[in-house]
There are 2 protein chains.
Amino acid sequence: MQSTVTDMSVQGTILVLDGTSTNRIMLKVQLTAAWYHVAQGENLRGLDGLLKRVRPDLILTAQSLPDGTAADVKKVVMADPDLADIPIVAIAPQNDKSARLRALSDGLDDVLAHPFKDTLLLARVRSLLRARADTQELQDNSGSPCLGFAEATSAFATPPKAARAALLTQSAKTGALWQKALSEHTHHSLSIHTISNLHRLLSGPIPDAIIVEIDGESSGLSILADLKSRGATRHTVLIGILRKDDASLAAEALDRGADAICMAGFCPRETLLRLDNQLARKSRIDQMRDSLRRGIAESWVDPLTGLHNRRYAMRALKQIARQSAQTGLGFTVMVADLDHFKSINDKFGHAGGDQVLIETAERMRNSIGSDGFVARIGGEEFLIGLPETTGPRALGIARTVCDDICQCPFDLSEAAEPIAVTISIGLITADDNTFRQGIPPAPLDNMIKSADTALYAAKKAGRNQVMVQDHAA
Amino acid sequence: MQSTVTDMSVQGTILVLDGTSTNRIMLKVQLTAAWYHVAQGENLRGLDGLLKRVRPDLILTAQSLPDGTAADVKKVVMADPDLADIPIVAIAPQNDKSARLRALSDGLDDVLAHPFKDTLLLARVRSLLRARADTQELQDNSGSPCLGFAEATSAFATPPKAARAALLTQSAKTGALWQKALSEHTHHSLSIHTISNLHRLLSGPIPDAIIVEIDGESSGLSILADLKSRGATRHTVLIGILRKDDASLAAEALDRGADAICMAGFCPRETLLRLDNQLARKSRIDQMRDSLRRGIAESWVDPLTGLHNRRYAMRALKQIARQSAQTGLGFTVMVADLDHFKSINDKFGHAGGDQVLIETAERMRNSIGSDGFVARIGGEEFLIGLPETTGPRALGIARTVCDDICQCPFDLSEAAEPIAVTISIGLITADDNTFRQGIPPAPLDNMIKSADTALYAAKKAGRNQVMVQDHAA
């Protein structure tokens, strides 16, 4: 039932669920001819295990199975966060509108009528696989499969929030009719736009979904490609409404980026069901995207102080050094360390120590301003990088940092009186003198070591002061 | 020359560069009618400033400007890493093949013949904007705009490496002819496949580029959509070869995912130039994607020991606690701290201390195996999470960790003799007893605090031992 693993991953695997073997075989023939790998199942029992073994990219299921329905298949899939984004298409009898609406209201990604027109079946498969590949890529990018997006996908069951949808029609009159018919049954806000005045749609706030009228002409089709190509609308849900049941036009619309198609003219009920399903899918993907972005942003930050972290500092210093090599302007590395921090911790507890770190971070950020960056690289240790600077200027800035810490005692909720805090700083500058003499700046590691040596000297000399290292180690 | 910023960002901004104002105006009319924001420039002088002001998503430039060429425009764009991914299209006279080939060998993303057929111009604009939006999204996702992908994009100037390209034609004979004509002028490896046997292409290792023959029929077109929809080939370069100069067919091919089109039959020179340009672009985007992925993977790891870091530990514990709440099975939090680590550092220096940390990490990883995770959460402090565990089992595992550290002394390159190292561990389990008694497990923060309290007790009691906290703080 399964070809080799290599084959499957490359081709895309489609799981066909149907109690009737002739139906399965027919689909298998069509899909295999289009170079997909096809796995088969007959019923709900054992589906969980089958899914884990086969890991399909898409499921095509009969609306009724011997021991359940397409809606039950969806429940099994949703129960496993690893599988929850596999698109599921129900197969309903031809011309059975109520079966179609039921499948959609069960939250299935689409419903196709049996027997299938090849063009439409394959275009629908392509469109869902494309969406699936987007999700997979986000998932892969999370970098840690075992952590995944469990949080994001837990929002699955929540009903769709009120969204903004635009109706994009040939004539404003059609738009008004659609708006009237839809607005009775939905809490989404619906705006009307004509295709000839797309500009107005693009210059306002971008809607969550656009419902596009597609007639035989190419304008509706190229509008789909257009909206998918613009940065602002590429993630907007696109639903195409076809005037008549035209499988090849539907296939073209799907290939150009439509997320869903209503085939037989405008039906308010079907449009809204498809809209809600697509909005729910979009909201999950948006959450994955946000969670990924937030995760990456977090990964450069020290959570306690909100300063940059060591990872950021190393990357930023590299960049500063590279720029400096290009411009010939100097740059500075400083290492700063709070004095007697252990005794603050001992006296006022971890909470008190944390308050001192947070306040120190705040003051350093202010002292440095836009001259460079400050990062927390260890318990009470900070690293400062200054691009485009000279030795004297860097020394001035370091002294300001030192003064801004010691000149005003720290208020701690744990301490009766404000307490005195001081900091020691070691610094080294690869300055224009170095460059003028043709001396290449030392490797970054050595510069940091030199700054560390200067810091050590500052501590030895009595703390609360700045020491400058002349030459890199 | 510039509308509001909102407009620009939503619509997509195209910069038109041409010394002749009628040419600029003609293009502006065409592009504005398609709802793009158009900015204009006349020559190379001041281009740098113009680019920074306008921040175009795409540049259309005459092949000759009053003070330079399209190739010079490319140089200006490439010089600024922030702009380097803006696609540039040259405008050449109709039927001037040598001008077309020159533009391509200058590395421009495409060359269009003046005057333009609307369909083709707009499809090309859409296709390039789509690629541009992909890049922008990767850039945004890097989470730290000032760090960006400077490293990745520095690979710009390197000549394309030998790549694997597949020729996908209607007949094997055409493929053989193409292969012969191309292989004389390229070091890329070229394989032959027929469209009716796409399966063979999909089951082998995926090529870097696929050169597809597109005739009037739909098979070539849907192959493009098909390849773009499969996870394995979605990032593969797709070059369409049209049998005849058919602008609307070319537009359809671009809208379905072709990265480049050769319009007037098979020309080996043009095909190879387009192939190299597209491969260079793909390699930059692949590097961005890899760098993003690597960055994310790094962000969960402690660089010294290769263990997970604190950020991972907190996220993983949350997940374990959530699962535990669902399954009713217990879980354990351990905090471990090397004994007298400061004195190891003092005696053997930072390098010696680092060796001890690395060896400790290695041993802990082995002791825990697949039972849970180990993370380094501070200097010499580790956190261990065990899902689906009972109190007694967790205690057993903790004792193993302890024994595996103390039973075999550590070899240090800095020490004459192997040195004895020990570790203390505090642990707490939310076990099935807790659940059976209907006590909800304490919030994670409290569990960690409790494990910390137990660790403190282990230190007090003489170190090199495990202490268990019965109830969460």
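The values are calculated or read from the model by the stated rules, or taken from the named source; none is laboratory data. Keep in mind that this is a model prediction, so the values were computed, not measured. Every residue, glycine among them, receives a Cβ derived from its backbone with ideal geometry; neighbour counts consider all protein chains shown.
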Response to the item:
Considering the stretch A:21-54, residues that are crowded, with 16+ Cβ neighbours inside 10 Å and of a type in the set (K, R), and then whichever is nearest to A:L122 (Cα to Cα), we arrive at A:K28
Worksheet item: List, please: which pairs have Cβ atoms under 9 Å, are six or more places apart or on different chains, and start with a residue in the stretch A:53-76 that is within 14 Å of chain B (Cβ to nearest Cβ) and end with one that is of a type in the set (G, A, S)?
Response: A:R55/A:S9; A:P56/A:G12; A:P56/A:A39; A:D57/A:G12; A:D57/A:A133; A:D57/B:G231; A:L58/A:G12
Discussion item. Residues that are among the hydrophobic types (A, V, I, L, M, F, W, C) and within 14 Å of chain B (Cβ to nearest Cβ): does the stretch A:259-274 have at least one?
Written reply: no
Worksheet item: Any chance the stretch A:251-262 includes a residue that's over 29 Å from B:D259 (Cβ atoms) and in the same structural domain as A:A123 (by TED's automatic domain parsing)?
Response: yes
Worksheet item: Within the stretch B:12-66, which strands (runs of 3 or more DSSP E) (wholly inside it) include 2 or more residues that are farther than 14 Å from B:I88 by Cα?
Response: B:37-41
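Tell me whether the stretch A:397-419 contains one or more residues that are within 18 Å of A:R310 (Cα to Cα) and away from chain B (no Cβ under 14 Å).
At the first step, the residues of the stretch A:397-419 found to be within 18 Å of A:R310 (Cα to Cα) are none.
No, the stretch A:397-419 has no match at all.
Condition (residue is of a type in the set (S, T, N, Q) and modelled with pLDDT under 95) applied to the stretch A:344-353: is it met by at least one residue? Don't jump to the end; show me each part of the working.
Of the residues in the stretch A:344-353, the ones of a type in the set (S, T, N, Q) are A:345.
If we keep only those that are modelled with pLDDT under 95 as well, we get A:345.
Looking through the stretch A:344-353, at least one residue is of a type in the set (S, T, N, Q) and modelled with pLDDT under 95.
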Worksheet item: Are any of the residues in the stretch B:389-397 free of Cβ contacts under 8 Å to residues at least 60 places away in the same chain and surrounded by fewer than 16 Cβ atoms within 10 Å (Cβ to Cβ)?
Response: yes
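Could you tell me which of the residues A:V76, A:V89 is under 23 Å from A:D276 (Cβ atoms) and surrounded by fewer than 19 Cβ atoms within 10 Å (Cβ to Cβ)? Can you show your working first?
Values: A:V89 fails: surrounded by fewer than 19 Cβ atoms within 10 Å (Cβ to Cβ).
After ruling out the rest, the residue left standing is A:V76.
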Discussion item. Within the stretch B:9-20, take every residue that is surrounded by 14 or more Cβ atoms within 10 Å (Cβ to Cβ) and either at pLDDT 95 or above or over 20 Å from A:L224 (Cα atoms) (or both) and give me the one that is nearest to the chain's Cα centre (by Cα).
Written reply: B:I14
Discussion item. Condition first: of a type in the set (D, E) and farther than 22 Å from A:E252 by Cα. Can you find one or more residues in the stretch B:251-261 that meet it?
Written reply: no
Item to complete: Assess whether B:S191 counts as being more than 25 Å from B:L122 (Cα to Cα), out of contact with any Phe, Trp or Tyr (no Cβ under 7 Å at 6 or more places or on another chain), modelled with pLDDT of 85 or more and in a helix (DSSP H, G or I).
Response: no
Worksheet item: Any idea which residue in the stretch B:130-173 is farthest from the other protein chains (Cβ to nearest Cβ), counting only those that are surrounded by fewer than 17 Cβ atoms within 10 Å (Cβ to Cβ) and either at pLDDT 90 or above or more than 28 Å from B:K74 (Cβ to Cβ) (or both)?
Response: B:K173
Worksheet item: Of the conditions (1) of a type in the set (V, I, T); (2) surrounded by fewer than 14 Cβ atoms within 10 Å (Cβ to Cβ); (3) away from chain B (no Cβ under 14 Å), A:V333 fails just one. Which one is it?
Response: (2)
Worksheet item: Considering only the stretch A:157-172, how many residues are over 23 Å from A:D226 (Cβ atoms) and either in a helix (DSSP H, G or I) or in the same structural domain as A:G107 (by TED's automatic domain parsing) (or both)?
Response: 1
